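Chemist: First, the structure itself, so that you have it in front of you.
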Amino acid sequence: MTVYPELYLYIAGAWRKSKETLPVLNPADESVLGELPIASRSDLDDALDAAAAGHKVWSAMAPAKRAEIIIRASSIMRQRVEEIAYSLTLEHGKPLAQARLEVQRGCEFFEWDAGEAVRTYGRVIPSESGIRYMVLHQPIGPVAAFSPWNFPMSQPSRKIAGALAAGCSIILKAAEETPAGAMHIVRAFHDAGLPPGVLNLVFGVPSEISSYLIPQQQIRLVAFTGSTAVGKQLSEIAARHVKPVLMELGGHAPVIVCDDVDPVAAAQLSVLRKARNAGQVCTSPTRFFVHKDRYQAFVKAFVERAKTIVVGNGLAHSTEMGPVANHRRVEALDRLITDAADKGARVLAGGTRPQCRGYYFPLTVAADLPDDALAMSEEPFGPLALINPVDSLDDAIEKANSLPFGLAAYAFTHSARNVHLLSERIEAGNLSINTLEASVAETPFGGVKESGYGREGGMEGLHQYMSIKNVSHRIAF
C-alpha cells in the first residue's frame with residue numbers, strides 16, 4: 001500500500017533527521033501526515049561544505065556522463081510515478097490525475113536539460129594570425145535554490161535539472177508545507193548514483209535559511225520561485241554580496257478574448273485551466289478581458305461550466321479540483337471576494353467556503369469588477385476568475401499591461417493582425433495564443449517587470465547556471 005514517506009534532510013549523500021520538526025498537514029482533512037526535520041545551523045554548514053566539494057567532482061565530469069545520471073534518475077521517477085503522485089495529492093490536495101501529470105512534467109524537465117547538457121557550446125571568435133579568442137560556458141558554481149509549495153515536484157525539478165545539467169551542485173530549500181515531492185526527486189538521484197554533495201536538501205524557516213545561505217562564499221547563484229515580495233528581499237541580500245539571481249515571481253495573468261472566436265469554446269477551456277491546481281499557479285488565467293460582442297455568451301458559458309466542477313478530496317476519482325493548500329489561501333480568497341462584492345462586482349458562481357473540514361473552496365466567478373477592486377491588482381492565487389468586457393483589442397491590451405506584473409498572458413483570436421499586435425505589445429515573458437499552456441521543457445519561461453528576471457527551461461534556462469569566460473591566447477610571444 002502506498003503511504004506518505006518519512007521525511008529527512010539530505011546532505012553530503014546521506015539522509016539525516018534533526019531535533020526540531022514541523023508538522024505537515026493534509027489540506028483535505030487537516031490531519032497530520034508527518035513530521036518534517038528542520039535544518040540546524042550545523043546542517044546548513046555541512047550542506048555548504050558538501051556542495052562545494054560536490055561541485056568540484058560534478059563540474060569535472062564529462063557532460064555526457066552527467067546526462068546519463070540525470071536520465072537514470074528520471075527513469076526511476078517515472079517508474080515510481082504512482083508513489084510520488086500519491087504523496088503530492090496527500091500533502092497538496094490536487095487531484096491524483098493532476099499529480100501524475102506533474103511527475104511526468106518534472107521528468108520532462110530532467111530529460112530535456114540532460115539532452116541539452118552536451119550542447120553548452122562556446123565559440124571561437126575570428127582574429128588576426130597568431131592570436132585566438134575563445135568563449136567558454138562554464139558551471140557557475142554551487143546554487144542556493146528555493147522552491148514553492150504549489151508544485152511540490154515539478155518546481156524543484158526545474159531548478160535541479162538546470163543546475164545539474166550545467167554542471168553545478170545545488171542546495172535546495174524546498175517548501176515546508178509540501179516536502180515529499182523534493183524528497184522523492186532526491187531519492188531517485190541517490191539511487192541513480194549521483195556523487196555525494198552534488199544535490200542537498202534542507203528545510204526550515206524560509207527567511208532564516210535564505211539569510212544564512214545566500215551570503216556564504218560557497219554560493220554563486222540564487223534561484224527562487226515565489227512571491228514578488230520575497231523575491232525582492234532575496235535579491236537585496238544577493239545584491240549586497242554581488243551574486244546573480246534567477247527570479248520567477250508572481251503574476252496576475254490576463255486573458256484576452258477577441259471578437260473573432262467562439263466564446264463558448266474559449267470559456268469552457270478557460271474554466272478547466274482555471275480549476276487546475278485549484279488556481280494556485282503563478283500563470284493561472286485570472287483577469288478575463290472579453291470583447292463586448294462576445295461578453296454575455298462567454299460569461300454564461302463560463303459560469304455554467306464552473307458550477308459543474310467537482311470539488312473534493314484529490315484521491316477521489318470524480319474530483320476535478322482539490323482543496324486549496326492552506327488556511328492562508330482561504331482567508332485571502334474570502335477577503336478578495338468580499339471586497340469585490342462590496343464594490344459592485346457580480347459574484348456569479350461559488351464565493352463561499354463549504355462548512356467542512358479541509359481547505360475546500362469552490363471555483364468562483366466574479367464579473368463586472370471595478371478597477372479598484374483588490375482582486376484586479378492582487379494575485380488571488382486560488383480558484384477565482386474575474387471577467388470584464390472591453391470595447392476593443394487596444395482597450396484589452398491596455399488593461400492587460402496595467403499591472404506591474406508580466407509573467408504570463410493569453411489570448412484567443414484567429415486574426416493574424418491581432419496575433420501580431422498581441423505579440424508586439426503584450427508585456428509578459430510568456431504569451432500563449434489559443435492555448436492556455438504557458439511553458440514546456442524546451443521553451444524559456446520567466447517574467448518581466450515585477451514578475452522577475454532570468455529564464456528557466458530551454459537552452460536559455462540552462463545558460464542561467466553558467467558563467468561566460470573569454471580566453472585570449474597569443475600563440476607565440
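The values are calculated or read from the model by the stated rules, or taken from the named source; none is laboratory data. No experiment lies behind these values; they were computed from the predicted model shown. Positions of Cβ are backbone-derived with ideal geometry, glycine not excepted, and every protein chain shown enters the neighbour counts.
Chemist: Out of all the residues in the stretch 22-47, which are more than 27 Å from residue 96 (Cβ to Cβ), surrounded by fewer than 20 Cβ atoms within 10 Å (Cβ to Cβ) and out of contact with any Ser or Thr (no Cβ under 8 Å at 6 or more places or on another chain)?
Modeler: Listed by number, the residues that qualify are 41, 42, 45.
Chemist: Specify which of the listed residues (331, 379) is of a type outside the set (Phe, Trp, Tyr) and part of a helix (DSSP H, G or I).
Modeler: One residue alone meets the criteria, 331.
Chemist: Can you list residue pairs whose Cβ atoms sit under 6 Å apart, with the first residue in the stretch 370-393 being farther than 16 Å from residue 281 by Cα and the second being at pLDDT below 95 and assigned to a strand (DSSP E or B)? Count only pairs 6 or more apart in sequence or on different chains.
Modeler: none
Chemist: Within the stretch 117-139, does at least one residue satisfy the condition of being touching a Leu at 6+ places or on another chain (Cβ under 6 Å) and farther than 22 Å from residue 212 by Cα?
Modeler: yes
Yes/no per residue for (1) small (Gly, Ala, Ser); (2) more than 21 Å from residue 393 (Cα to Cα); (3) crowded, with 22+ Cβ neighbours inside 10 Å:
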position	(1), (2), (3)
277	no, yes, yes
281	no, yes, no
288	no, no, yes
304	no, yes, no
311	no, yes, no
318	yes, yes, no
333	no, yes, yes
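Chemist: Is it the case that the stretch 338-352 has a residue that's modelled with pLDDT under 95 and surrounded by fewer than 18 Cβ atoms within 10 Å (Cβ to Cβ)?
Modeler: Checked against the condition, which is being modelled with pLDDT under 95 and surrounded by fewer than 18 Cβ atoms within 10 Å (Cβ to Cβ), the stretch 338-352 yields at least one hit.
Chemist: Considering only residues of the stretch 1-19 that are touching a residue at least 40 places away in the same chain (Cβ under 8 Å), touching an Asp or Glu at 6+ places or on another chain (Cβ under 8 Å) and in a loop (DSSP other than H, G, I, E, B), which is farthest from residue 94 (Cα to Cα)?
Modeler: That would be 12.
Chemist: Which one of these does residue 299 not meet: (1) without any contact (Cβ under 8 Å) to a residue 40 or more places away in the chain; (2) of a type in the set (A, V, I, L, M); (3) under 26 Å from residue 370 (Cβ atoms); (4) out of contact with any Phe, Trp or Tyr (no Cβ under 7 Å at 6 or more places or on another chain)?
Modeler: Failing condition for residue 299: (1).
Chemist: Additional query: Can you give me the number of residues within the stretch 180-238 that are among the basic types (Lys, Arg), in a helix (DSSP H, G or I) and within 19 Å of residue 168 (Cα to Cα)? Walk me through how you get there before you give the answer.
Modeler: At the first step, the residues of the stretch 180-238 found to be among the basic types (Lys, Arg) are 187, 220, 232.
Applying the additional criterion that residues be in a helix (DSSP H, G or I) yields 187, 232.
Remaining after also requiring within 19 Å of residue 168 (Cα to Cα): 187.
Looking only at that region, the number is 1.
Chemist: Test residue 147 against the criterion of being out of contact with any strand residue (DSSP E or B) (no Cβ under 8 Å at 6 or more places or on another chain), among the hydroxyl-bearing types (Ser, Thr, Tyr) and within 25 Å of residue 447 (Cα to Cα), and give yes or no.
Modeler: no
Chemist: Have a look at 366, 385 and point out the one that is surrounded by 24 or more Cβ atoms within 10 Å (Cβ to Cβ), among the small types (Gly, Ala, Ser), closer than 30 Å to residue 421 by Cβ and in contact with a Phe, Trp or Tyr (Cβ under 7 Å, 6 or more places away or on another chain).
Modeler: 385
Chemist: Here is a further query. Name the strands (runs of 3 or more DSSP E) wholly within the stretch 401-476 that hold at least 2 residues that are surrounded by fewer than 23 Cβ atoms within 10 Å (Cβ to Cβ) and either in contact with a Pro (Cβ under 8 Å, 6 or more places away or on another chain) or assigned by TED's automatic domain parsing to the domain that holds residue 259 (or both)?
Modeler: Those strands (runs of 3 or more DSSP E) span 430-433, 466-474.
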